[in-house]
């Protein structure tokens, strides 16, 4: 199965993405994201997290909506981010590599397929990290609190708190994000005709910088 071979034969698996469907990888990515969030929320305790939500937010959204947001909020943001970065990469690819199949809906489908597989790999690694961390806290009997959520970005090292553009920038410098970008670069190199590795890496890097710039402008 391609999703499994992605971890032990990544170049072979990514080379088969031309003409492949994005649905399996996207579905697996969403499922892993939901499972990761489920693990963290249950480890901390839904009531503990809900107790930290401001009363005005709770009354405006409703308790049921706020409770659902605990489990699905991060996944919804992940889906939006995946669609946005896929669109940015596709647009950059159209500009810098006009000789290949980079025009039309089919080309965006290829880009989104590559990005979905990269997001799946990222969420799978995140799931393993969070599962091991929660298991360790259970073994040593150290309670897991919201501030102890496992972070892999520079914001955790610098001990920054939201909001703020410095926090957004530090959060973008993330180990799992670099894993995602690396898989996307290799995937584009494998499936886009005449796209060399250096140009594929450049496309991904420029797209990521644009994506981070949009996040800084938006303030999220």
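The values are calculated or read from the model by the stated rules, or taken from the named source; none is laboratory data. Note that the structure is predicted; figures quoted are calculated from it, not measured. For neighbour counting, all protein chains shown are included, and Cβ atoms are generated from backbone atoms with ideal geometry for every residue, glycine included.
What residue, among those in the stretch 175-220 that are assigned to a loop (DSSP other than H, G, I, E, B) and out of contact with any helix residue (DSSP H, G or I) (no Cβ under 8 Å at 6 or more places or on another chain), is farthest from residue 120 (Cα to Cα)?
194
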Within the stretch 152-168, does at least one residue satisfy the condition of being within 18 Å of residue 29 (Cβ to Cβ) and either at pLDDT 85 or above or not in a helix (DSSP H, G or I) (or both)? yes
Just to be sure, is residue 92 touching a helix residue (DSSP H, G or I) at 6+ places or on another chain (Cβ under 6 Å) and modelled with pLDDT under 95? yes
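If I go through the stretch 136-145 residue by residue, how many of them are farther than 25 Å from residue 179 by Cβ and either at pLDDT 85 or above or part of a helix (DSSP H, G or I) (or both)? Spell out how you get there, then give the answer.
If we filter the stretch 136-145 for residues that are farther than 25 Å from residue 179 by Cβ, which is where we start, we get 138-143, 145.
So of that shortlist, the ones also either at pLDDT 85 or above or part of a helix (DSSP H, G or I) (or both) come out as 138-140.
Total meeting the criteria: 3.
Which of the residues belonging to the stretch 186-219 are under 15 Å from the mean Cα position of the chain (by Cα) and without any contact (Cβ under 8 Å) to a residue 60 or more places away in the chain? Write out each step before concluding.
At the first step, the residues of the stretch 186-219 found to be under 15 Å from the mean Cα position of the chain (by Cα) are 204, 207-208, 211-212, 215.
If the condition is that a residue be under 15 Å from the mean Cα position of the chain (by Cα) and without any contact (Cβ under 8 Å) to a residue 60 or more places away in the chain, then 212, 215 are the ones that fit.
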Hey, among 124, 118, 106, 133, which residue is assigned to a helix (DSSP H, G or I), surrounded by 15 or more Cβ atoms within 10 Å (Cβ to Cβ) and modelled with pLDDT under 90? 133
Among the residues of the stretch 13-25, is any under 21 Å from residue 134 (Cα atoms) and either modelled with pLDDT under 65 or surrounded by 14 or more Cβ atoms within 10 Å (Cβ to Cβ) (or both)? no
Considering each residue of the stretch 8-39, count those that are within 25 Å of residue 76 (Cα to Cα) and assigned to a helix (DSSP H, G or I), and give that number. 17
Residue that is surrounded by 15 or more Cβ atoms within 10 Å (Cβ to Cβ), under 22 Å from the mean Cα position of the chain (by Cα) and either at pLDDT below 90 or assigned to a helix (DSSP H, G or I) (or both), where the choices are 5, 74: 74
